[in-house]
Every structure is written in structure tokens, then in C-alpha cells.
Amino acid sequence: MLKRKKLIIAYLLIMLPLLDSLFIPPAFGLQWHNAKTMYLFSAYLIPVKLLLVTIGGFLLVKQDLQHQQQARSWYHKLLDSLIFIVAGVQFIVLAIISALYLVLGTQANNYQQQGNISVYTSDIGAFGKATHYFSYQCTDEYGFYTLTPIVTLDWLGHFSFSVKDNTLVIKHNDYAGKGDQIKRVDLTGYSCEN
């Protein structure tokens with residue numbers, strides 16, 4: 001019975017980080033404080049997931065070595081092998097991501113917050129075209145937030161933004177020879193009141 005519990009714990013230590021990474025939004029889907037905080041939380045969670053998968057893999061190997069003395073069915077051996085492969089792939093991916101975070105740092109600077117306006121810039125410096133996602137953030141009394149999309153804009157270059165008279169004013173310069181430019185987005189209908 002104890003061996004079976006250890007095997008179940010090994011499976012859970014391997015599969016729960018995988019489920020969180022594949023199917024649940026970052027940081028267990030929590031939306032607390034702001035998007036940048038949740039991004040940093042999910043980035044710092046990567047080494048924890050790596051540790052859990054490593055422990056799960058060691059427990060699985062240890063249990064398999066103990067069970068080799070006993071007769072086990074082929075499907076138990078196949079399941080253990082598949083879970084071990086999943087653990088190995090996760091270990092490699094999580095180790096690479098952790099190393100990249102250590103060498104290159106996180107992408108926390110891609111998030112900006114000013115008042116109720118939250119901006120996320122994706123693909124900065126990557127092969128694709130950079131995009132800015134402007135959202136309206138409402139936070140409840142417990143610190144949990146919801147984001148309502150306002151506008152998605154192509155690369156703006158260096159930009160700053162403010163809210164004046166219920167209008168989002170974005171000043172930007174994409175260094176394409178046009179100089180400083182201004183975009184205005186109407187914020188009518190965006191409010192945190194129910």
C-alpha cells in the first residue's frame with residue numbers, strides 16, 4: 001500500500017506541473033494585483049516545477065527498481081515508461097527555460113501599468129512583428145483583477161500613454177522618419193462599476 005502511494009505521488013509530481021503548463025493560464029490562472037506580477041510569479045514558478053518533476057522522476061525510478069523484483073503487468077510497465085518520458089521531456093524544457101531566465105532575464109519589462117490601463121507588448125525583439133495589447137484593468141477589494149481588451153496596435157516604437165477626458169492618449173515614435181505621433185482611443189464604456 002505504501003509503495004502504491006509513493007507511485008501516485010510520483011505521478012502527481014510529474015503530471016501536475018505539466019497540466020499547469022499546458023492547460024491552465026500562467027500561475028494557476030490567478031489574476032492578482034496586475035499582469036506583470038502574475039508573469040513574474042509564473043516565471044519564478046518554473047524552477048519549482050523543475051524541482052517537482054525531478055523529485056517525481058526520482059521517486060518513479062526508485063519505485064520501478066523496487067517493483068522489478070515483483071511481477072508487474074505490461075500496462076503498468078508501459079504507463080511507468082510513458083510517465084517517465086513525460087518527466088524527461090518536462091525536465092529538459094523546464095531546465096532550458098530556467099537557464100534562459102538566468103542568462104537573459106525575464107520579459108517583465110514588456111508589461112506596463114498606469115492607472116487602470118495595462119499594456120502588454122509581445123514579440124519584442126523576436127522574429128515576428130511586435131504587438132501592443134492595451135487593456136482596461138479593474139481590481140476588486142481582494143486584489144484580484146480582470147482585464148477588458150481596449151485595442152491591439154502594431155509596433156509603436158518608443159511610446160508613453162495617459163488618460164485625459166475619457167480618452168487614451170498614446171504618444172509614440174517608431175523611428176520611421178515620421179517623428180512623434182499621437183493616437184487617441186475613446187474609453188467610453190470602460191469602467192469598473194457594475
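Computed from the coordinates by the stated procedures, all read-outs in this text should not be read as laboratory data. Owing to the predicted nature of the structure, the values given are computational and were not obtained by experimental measurement. Cβ placement follows ideal geometry from the backbone for every residue including glycine, while neighbour counts extend to all protein chains displayed.
Quick one: grab the alpha carbon gyration tensor of the chain, order the square roots of its eigenvalues as a ≥ b ≥ c, and give me rounded if a/c is under 1.5, else prolate or oblate depending on whether a/b is larger than b/c. Prolate, because a/c is 1.5 or more and a/b exceeds b/c. Among A87, A35, A95, whose mean-square fluctuation peaks in a Gaussian network model of the chain (Cα, cutoff 10 Å)? Taking springs between Cα atoms under 10 Å, the residue moving most is A95.
Near Q90: Cβ cut-off under 14 Å, other residues only, Lys/Arg at +1 and Asp/Glu at -1. The net charge is 0. Counted over the chain, the DSSP beta bridges are approximately 95% antiparallel.
Counting other Cβ atoms within 10 Å as a rough exposure proxy, the listed residues Y145, Y39 run Y39, Y145 from fewest neighbours to most. Of all the options S135, S73, S81, the one that moves most in a Gaussian network model of the chain with Cα springs shorter than 10 angstrom is S73. The sum of -39500 (n - 2.57) across all DSSP H runs of n ≥ 4, divided by the residue count of the chain, sets its helix-only mean residue ellipticity at 222 nm to -16000 deg cm²/dmol. Listed peptides 56-62, 40-46 appear in the order 56-62, 40-46 once ranked by packing, highest mean of other Cβ atoms within 10 Å at the front. In order along region 141-149, the Karplus-derived 3J(HN,Hα) couplings, from 6.51 cos²θ - 1.76 cosθ + 1.60 at θ = phi - 60°, round to 5, 9, x, 7, 10, 10, 10, 10, x Hz, and Gly and Pro are given as x.
Here's the list of lysines a cross-link from K77 could span, going by alpha-carbon distance under 26 Å and ignoring same-chain residues fewer than 8 apart: K3, K5, K6, K49, K62.
About its Cα centre, the chain has a charge dipole of approximately 880 debye under the convention of +1 per Lys or Arg Cβ and -1 per Asp or Glu Cβ, with nothing else charged.
Each of V185, Q137, Q113 was placed along the dipole of region 110-186 (beta-carbon charges, centred on the mean Cα), and the one lying farthest toward the positive end is V185. Taking I83, I182, I55 in turn, the Gaussian network model of the chain (Cα-Cα springs below 10 Å) assigns the largest fluctuation to I182. Can you list the lysines whose alpha carbon is less than 27 Å from that of K129, not counting same-chain residues fewer than 8 positions off? K129 reaches K36, K171, K178, K183. Taking other C-beta atoms within 10 angstrom as a stand-in for reagent exposure, T148, T37 fall in the order T148, T37, fewest first.
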